[in-house]
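Rule-based calculations on the coordinates, nothing more; no lab input. Keep in mind the model is a prediction, meaning the values are calculated, not measured. Neighbour counts run over all protein chains shown; Cβ positions are idealised from the backbone, glycine included.
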Amino acid sequence: MAEMAKAAVLVAPGKFEIKEFPIPEISDDEMIIEVEGCGVCGTDGHEYKRDPFGICPTVLGHEGSGKIIKMGKNITKDFSGKPVKVGDSIVTCVIPCGECNACKNTPARTNLCEKCGVYGLFPDDDIHLNGYYATHMVIRKGSTFFNVSDMTLDQKMLVEPAAVAIHAVERAKTTGLLRFDTSVLVQGTGPIGLMVIAVLRTLGIENIIAVDGNDNRLEIAKTFGVSKTFNFTKYPSFDAMLAEIKEYTLGLGAEFVFQCTGVAQAGANAWKMVRRGGGLCELGFFMDGGPCSINHHFDICNKEITAVGSWVYSPQDYPNAFSFLKRAKGIGLPVEGLVTHHFPLSQITDALETNVNMLGIKVAVVNDEAK
Ligand SMILES: NC(=O)c1ccc[n+]([C@@H]2O[C@H](COP(=O)([O-])OP(=O)(O)OC[C@H]3O[C@@H](n4cnc5c(N)ncnc54)[C@H](O)[C@@H]3O)[C@@H](O)[C@H]2O)c1
Ligand SMILES: [Zn+2]
Ligand SMILES: [Zn+2]
């Protein structure tokens, strides 16, 4: 009889069931990994609460790592050319379709693939083992993955959010506005905003303002070296806070703003904190947060803002995420401390509740049955 795997299936919003599935036979282009652990993302929180992607039933979990226990004979190397063997630990990136305009014509931008697959965001199918909230996962043909055997589990679980931040900062750099002493404002200091701050610090940008409504998160931003924090809940209005932000930035506003909240009104406010001639990177909306209104005269035209959007990451961002994690540690940033909670797979509901109630920063689900 086939060996069995366990997976936490989100059968309906708010409801997980731990189910057993046989570990399938694999082809020469596939692998089986035994999951080590996986971070909980804001996206998982949204899926858990209301299934906005319409993928229920599903096995979630996309910020994970696993140890290769079976490997098809055609697999010898990871995406960067590093050899892989049974027993090595890997993290996965996107699964590009290989056929759409982005895949064919802009191979370094497969993050824009029209049918991009991501483990942990598939609807359930015959394979079942498609997400990291499980004991095992099937790595299908066409996957991009990296050998991370030299990393700690917390580092491995931070690779994916680090890649989001790396990609956003690379997009921001295309504006030509990020220099050594640029004054940068990061709006939203959840895991993503904090990662952006850490990436900026490893680039030598020291002049960083953080804005959030949560003092605990702003305190963590301080440990990442931001020079000033603003808690928007302490002001009678956004304009009152904006006046202070302007005062702090020589009456001008920030030279560059990263929008990392997922809140539509915050998306509108972000433009107002940018000075004339400045720039903005919008990365806060992996999910639709609804429309918001900006004034094209005051907020864009008159200020001549250079704006970029940032959408997840390409496999090419992963090696940079690895170097970033090492460099961040090297300059004493407590990035690994972002993983504040570790739950066993059997307590998946507690892990998701901790995430949606913002009781931690990065909550992790660990496969405590790993051999
Ligand atoms: N671009 C991408 O590819 C990508 C990838 C992953 C996540 N995201 C998005 O990034 C966003 C942030 O992710 P996260 O995991 O850090 O989420 P999170 O919900 O943990 O953090 C958001 C933070 O924004 C703060 N906030 C809310 N309203 C605010 C306001 N008006 N002003 C300032 N701060 C405010 C919250 O207090 C919270 O700390 C999410 O909305 C997610 O969809 C985007
Ligand atoms: Zn994520
Ligand atoms: Zn494609």
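Set the Förster radius R0 to 22 Å, insert the Cβ-Cβ distance between R109 and T175 as r into 1/(1 + (r/R0)^6), and round the FRET efficiency to 0.05. Let's see the in-between values first.
Values: r = 17 Å, r/R0 = 0.77.
My answer for the efficiency is 0.85.
Can you compute the charge dipole magnitude of the stretch 70-119 about its Cα centre, using +1 on each Lys and Arg Cβ and -1 on each Asp and Glu Cβ, nothing else charged? Give it in debye, rounded to the nearest 20. If you can, show how the numbers build up before the last one.
On the way: 8 positive and 4 negative charges, 38 e Å.
Using only the charged Cβ atoms, the result is roughly 180 debye.
Under unit Cβ charges (Lys, Arg +1; Asp, Glu -1), what dipole magnitude, rounded to 20 debye, does the chain have relative to its Cα centre? Present the calculation step by step, with values, prior to reporting the outcome.
Details: 35 positive and 43 negative charges, 214 e Å.
Magnitude of the dipole: close to 1020 debye.
Using +1 at the C-beta of Lys and Arg and -1 at the C-beta of Asp and Glu, which of F21, V186, G72 has the Cα lying farthest in the positive direction of the dipole of the chain?
Of F21, V186, G72, it is V186.
Using a 10 Å cut-off around each Cβ, can you sort H297, H341 from fewest to most neighbouring Cβ atoms?
Details: H297 9, H341 18.
Listed from fewest to most nearby Cβ atoms, that is H297, H341.
For the stretch 162-309, what is one quarter of the convex hull surface built on the Cα atoms, given in nm²? Can you show the working numbers first?
Numbers: hull surface 31.4 nm².
Projected area, direction-averaged: 7.8 nm².
Grab the beta carbon distance between K49 and S237, set R0 = 22 Å, and tell me the FRET efficiency rounded to 0.05. Walk me through the numbers on the way to the answer.
Working: r = 29 Å, r/R0 = 1.33.
Calculated value: 0.15.
How far is the Cα center of the stretch 308-371 from the Cα center of the stretch 107-136, in Å?
Computed from Cα coordinates, the inter-centre distance equals 18 Å.
Provide L359, L250, L153, L60 in ascending order of the number of other Cβ atoms located within 10 Å of each residue's Cβ, fewest first.
L250, L359, L153, L60
Extending each Cα 7 Å along its Cβ direction at K77 and T223, get the distance between those two points in nm, one decimal.
Roughly 4.0 nm, to one decimal.
By how many degrees, 0 to 90 and rounded to 10, does the Cα axis of helix 317-330 deviate from the longest principal axis of the chain?
Value to nearest ten degrees: 70.
Take every Cα pair under 8 Å in the chain that's 6+ residues apart, average their separations, divide by the length, and report that relative contact order as a whole percent.
Working: 839 pairs, mean separation 67.8, N = 371.
Worked out over the chain, it gives 18 percent.
Run lengths n ≥ 4 of DSSP H only: what is the helix-derived mean residue ellipticity at 222 nm for the chain, with -39500 (n - 2.57) per run over all residues, to the nearest 500?
Values: 9 runs with 99 residues, N = 371.
Roughly -8000 deg cm²/dmol at 222 nm, from the helical runs in the chain.
Hey, can you rank 31-37, 201-207, 286-292 by average C-beta count inside 10 Å, highest first? Don't skip to the answer; put the middle values down first.
Values: 31-37: 23.9, 201-207: 17.3, 286-292: 12.4.
Packing order, densest peptide first, comes out as 31-37, 201-207, 286-292.
Could you tell me what percent of the DSSP beta bridges with both partners in the chain are antiparallel, to the nearest 5?
Numbers: 33 of 59 bridges.
Approximately 55 percent, going by the DSSP bridge assignments.
Can you tell me the 0 to 90 degree angle between the C-alpha axis of helix 153-173 and the longest principal axis of the chain, rounded to 10?
That works out to roughly 40 degrees.
How tilted is helix 191-202 with respect to the longest principal axis of the chain? Cα atoms for both, answer in degrees (0 to 90, nearest 10).
70
Can you tell which of L325, T135, V40 lies farthest toward the positive end of the dipole of the chain, using +1 and -1 charges on the Cβ of basic and acidic side chains (Lys, Arg; Asp, Glu)?
L325
Going from the alpha-carbon gyration tensor of the chain, what semi-axes, largest first and in whole Å, does one get by taking the root of 5 times each eigenvalue?
Values: eigenvalues 268, 90, 73 Å².
The three semi-axes for the chain are 37, 21, 19 Å.
If I model a spin label at D125 and C301 as a point 7 Å from the Cα along the Cα→Cβ vector, what separation in nanometres do I get?
4.8
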